[in-house]
Amino acid sequence: MSSDEHWSPVEDDSQASKLARKSRDSPFVPIGLAGCFAVVAYGLYKLKNRGSQKMSVHLIHMRVAAQGFVVGAITIGVLYSMYTDYIKNPVTKK
């Protein structure tokens, strides 16, 4: 085997191109993750001014809000996928 005969991938997939391709395939997952990070950032910002609220209660509220945003985004994505598969482009059987 000569030195110039080494295997190379057909496409040079970088991490950014993989992320862009997966985001095009299912756009609501990155939206859900962005919302989760936004809720976490807001929770950390409000952590200082939580008043007399206990730390554990504050963290539980932030966790529920972040999970709710992600679940909502995934649910909207599934509904959109069902819409495009069954209503917008229905498969006709012969």
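Observations, loosely collected:
- Residue-wise HN-Hα couplings along segment 35-46, as the Karplus relation 6.51 cos²θ - 1.76 cosθ + 1.60 with θ = phi - 60° gives them from phi, are x, 4, 5, 5, 5, 5, 5, 5, x, 5, 5, 7 Hz; Gly and Pro carry x.
- Crossing angle, helix 15-25 versus the chain [Cα axis fit, 0-90 degrees, rounded to tens]: 80
- Per residue value of the accessible surface for segment 21-89 (all protein chains in place, 1.4 Å probe), Å²: 78
- Computed from backbone phi, the HN-Hα couplings of segment 73-81 come to 5, 5, 5, 5, x, 5, 4, 5, 5 Hz, rounded to whole numbers (Karplus: 6.51 cos²θ - 1.76 cosθ + 1.60, θ = phi - 60°; Gly and Pro given as x).
- Cα-projected label distance for R50 with Q67, points at 7 Å along beta-carbon direction, nm: 1.7
- Kirkwood-Stokes translational diffusion coefficient of segment 33-85, alpha-carbon pairs, 4 °C, 1.567 mPa s, µm²/s: 106
- Helix content alone sets the calculated 222 nm mean residue ellipticity of the chain: runs of n ≥ 4 DSSP H residues at -39500 (n - 2.57) each, divided across all residues, give -21000 deg cm²/dmol.
- Hydrodynamic radius by Kirkwood, which averages 1/r over all alpha carbon pairs of the chain, in angstrom: 17.2
The values are calculated or read from the model by the stated rules, or taken from the named source; none is laboratory data. Here the structure is a predicted model, which means the values were calculated and not measured. In this analysis, Cβ positions are derived from the backbone assuming ideal geometry, glycine residues included, and neighbour counts consider all displayed protein chains. To get the accessible areas, we keep the full protein, side chains included, count just its heavy atoms, and leave off ligands, DNA and RNA. Shrake-Rupley method; radii C 1.70, N 1.55, O 1.52, S 1.80 Å.
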